[in-house]
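Colleague: Please see the structure below; I have some questions.
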Amino acid sequence: MRRFGAVIKGTGSYLPQRCLSNADLEKLVDTSDDWIVQRTGIRERRLAETSESTSSMALKAARAALDAAHLTPEDLDLIIVATLTPDMLTPSTACILQHQLGIQRHIGAFDLGAACSGFVYALSVGSQFIGSGACKHVLVVGAETLSRLVDYTDRGTCILFGDGAGAAVLSAHDDTSLGVQAFSLGADGSGGEFIHVPAGGSRTPASLETIASRQHYLKMNGREVYKFAVHQMTVSLEKAMLDCQLTAQQVRLVIPHQSNVRIIDSATEKMGFPRDRVMVNIDRYGNTSAASIPIALDEAMRTGRCGSGDWIILLAFGAGLTWASATIRL
Ligand code: UT7
């Protein structure tokens with residue numbers, strides 16, 4: 001039973017300056033601008049400087065979200081960071097962020113791992129803390145430095161990914177008909193091998209051999225992920241609408257994980273959404289995994305694509321395999 005509505009009080013994002021265009025990639029691997037644009041919709045993506053990391057980008061996005069919410073770091077009761085590229089294995093990026101935000105209160109902070117579905121998973125967790133009355137303000141961040149995991153000799157993956165961070169502040173509201181109204185989380189671990197980083201964990205720790213055989217890079221079976229994504233994004237979108245008894249006309253904006261414009265188009269067209277009610281910025285940023293939805297959400301809020309009173313649906317899928325959706329009344 002929800003005692004409070006969990007509303008999105010403010011959003012923020014950060015994209016690094018450095019730009020990697022399709023023309024730049026043509027110099028690294030056997031690919032072409034035409035192929036990348038037609039098969040993915042991506043034209044360029046941003047890459048972190050060597051001085052930047054997941055926490056430094058998360059910090060900038062978090063500060064922007066707090067400013068938009070007219071709150072200070074001290075107002076927060078909990079921090080959740082969704083990422084598959086943490087600064088280090090331990091401590092968590094959320095703890096690093098808590099410290100960097102200069103928070104004196106010893107509020108809870110933890111990372112959440114659900115790959116590209118991570119932000120929507122984290123938002124659903126944060127909304128539980130708000131709904132129960134345990135927290136008043138929760139900072140939810142999705143941040144990734146995927147360029148550190150990408151193999152720039154593998155044309156099947158290096159064309160897709162970029163770096164960045166997005167954040168949202170969830171706040172308690174007396175009106176439970178506002179904020180996160182429904183969410184749905186799913187996972188199928190049998191598909192784990194379709195997107196994975198083989199070494200660097202407890203099963204295969206780092207060694208000279210794992211480095212030589214490039215086992216610390218992200219490996220992906222693009223075709224299998226594509227098939228899964230097209231099916232699951234459609235099923236998830238239908239469920240997200242059904243959960244709140246919404247028709248496509250009543251939903252102001254669908255904000256999907258920016259994975260591939262063909263996947264996005266396939267799912268949203270099937271469910272009756274015209275392009276102008278689907279948020280797409282993959283052309284500029286590529287796939288930023290857990291950061292893609294909060295970056296797109298922030299852009300949508302700041303450019304007036306959605307606003308107070310609107311219904312929006314967040315729609316994600318990713319490694320795990322995982323998937324997640326959230327139906328929200330802003
Ligand atoms: O956040 C979740 C992360 N993952 C995803 O969202 C990935 C989902 N999958 C995809 O987006 C697509 O599968 C890709 C974009 C990765 C690949 O597109 P595709 O249309 O599924 O291509 P394909 O793998 O079926 O390959 C078609 C051809 C192959 O050549 P042959 O065997 O037909 O001669 C590939 O070797 O395209 C070739 N190819 C490329 N050619 C130029 C694969 N990558 C490239 C490339 N440039 N970068």
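The values are calculated or read from the model by the stated rules, or taken from the named source; none is laboratory data. Remember, predicted model here, so these are calculated numbers, not experimental data. When we count neighbours, we look across all protein chains shown, and the Cβ atoms used for this are built from the backbone with ideal geometry, even at glycine. Heads up: the accessible areas ignore ligands, DNA and RNA and are worked out on the full protein's heavy atoms, side chains in. Shrake-Rupley method; radii C 1.70, N 1.55, O 1.52, S 1.80 Å.
Colleague: I need the helices (runs of 4 or more DSSP H) fully contained in segment 236-310, keeping only those with at least 2 residues that are farther than 20 Å from Val225 by Cβ and either open to solvent by less than 50 Å² (accessible area, probe 1.4 Å) or within 16 Å of the ligand (Cβ to nearest atom) (or both). Lay out the reasoning, then the answer.
Modeller: On the way: elements: 261-270, 282-285, 292-302.
Answer list for segment 236-310: 292-302.
Colleague: Condition first: in a loop (DSSP other than H, G, I, E, B), out of contact with any helix residue (DSSP H, G or I) (no Cβ under 6 Å at 6 or more places or on another chain) and of a type in the set (Ser, Thr, Tyr). Can you find one or more residues in segment 218-231 that meet it?
Modeller: No, there is no match, as no residue in segment 218-231 is in a loop (DSSP other than H, G, I, E, B), out of contact with any helix residue (DSSP H, G or I) (no Cβ under 6 Å at 6 or more places or on another chain) and of a type in the set (Ser, Thr, Tyr).
Colleague: While we're on this one: Read through the list (1) within 12 Å of the ligand (Cβ to nearest atom); (2) surrounded by fewer than 18 Cβ atoms within 10 Å (Cβ to Cβ), then give the number of the only condition that Val197 fails.
Modeller: (1)
Colleague: Somewhere in segment 125-143, is a residue in contact with a Ser or Thr (Cβ under 9 Å, 6 or more places away or on another chain), in contact (Cβ under 8 Å) with a residue 40 or more places away in the chain and of a type in the set (Phe, Trp, Tyr)?
Modeller: Within segment 125-143, not a single residue is in contact with a Ser or Thr (Cβ under 9 Å, 6 or more places away or on another chain), in contact (Cβ under 8 Å) with a residue 40 or more places away in the chain and of a type in the set (Phe, Trp, Tyr).
Colleague: So Glu209 fits all but one of (1) open to solvent by 80 Å² or more (accessible area, probe 1.4 Å); (2) acidic (Asp, Glu); (3) within 30 Å of Ser308 (Cβ to Cβ); what number is the exception?
Modeller: (3)
Colleague: Would you confirm whether or not segment 96-103 contains a residue that is closer than 22 Å to Thr288 by Cα and more than 15 Å from the ligand (Cβ to nearest atom)?
Modeller: Looking for residues that are closer than 22 Å to Thr288 by Cα and more than 15 Å from the ligand (Cβ to nearest atom), one finds at least one in segment 96-103, hence yes.
Colleague: So, in segment 171-184, of the ones that are in contact with a Ser or Thr (Cβ under 6 Å, 6 or more places away or on another chain) and closer than 26 Å to Ala58 by Cβ, which residue ends up farthest from the ligand (Cβ to nearest atom)?
Modeller: Top of the filtered list is Val180.
Colleague: Which residue is most open to solvent (accessible area, probe 1.4 Å), if the candidates are limited to segment 87-118 and must be under 23 Å from Asp188 (Cα atoms) and assigned to a loop (DSSP other than H, G, I, E, B)?
Modeller: In this case the residue turns out to be Gly113.
Colleague: While we're looking at this one, here's another question. Need pairs with beta-carbon distance below 9 Å; first residue within 25 Å of Ile195 (Cα to Cα) and within segment 278-302, second in a helix (DSSP H, G or I) and charged (D, E, K, R); sequence gap 6+ or separate chains.
Modeller: That search, which allows pairs on different chains as well, returns Met279/Glu299; Val280/Asp265; Asn281/Glu299.
Colleague: Open to solvent by 10 Å² or more (accessible area, probe 1.4 Å) and in contact with a Leu (Cβ under 7 Å, 6 or more places away or on another chain): is that true of Val81 in this structure?
Modeller: No, not satisfied.
Colleague: In addition: Restricting attention to segment 63-72, does a residue exist that is β-branched (Val, Ile, Thr) and within 22 Å of Met301 (Cβ to Cβ)?
Modeller: Yes, that holds for at least one residue.
Colleague: Residues that are touching a helix residue (DSSP H, G or I) at 6+ places or on another chain (Cβ under 8 Å), touching a residue at least 40 places away in the same chain (Cβ under 8 Å) and within 16 Å of the ligand (Cβ to nearest atom): does segment 69-82 have at least one?
Modeller: Within segment 69-82, one or more residues are touching a helix residue (DSSP H, G or I) at 6+ places or on another chain (Cβ under 8 Å), touching a residue at least 40 places away in the same chain (Cβ under 8 Å) and within 16 Å of the ligand (Cβ to nearest atom).
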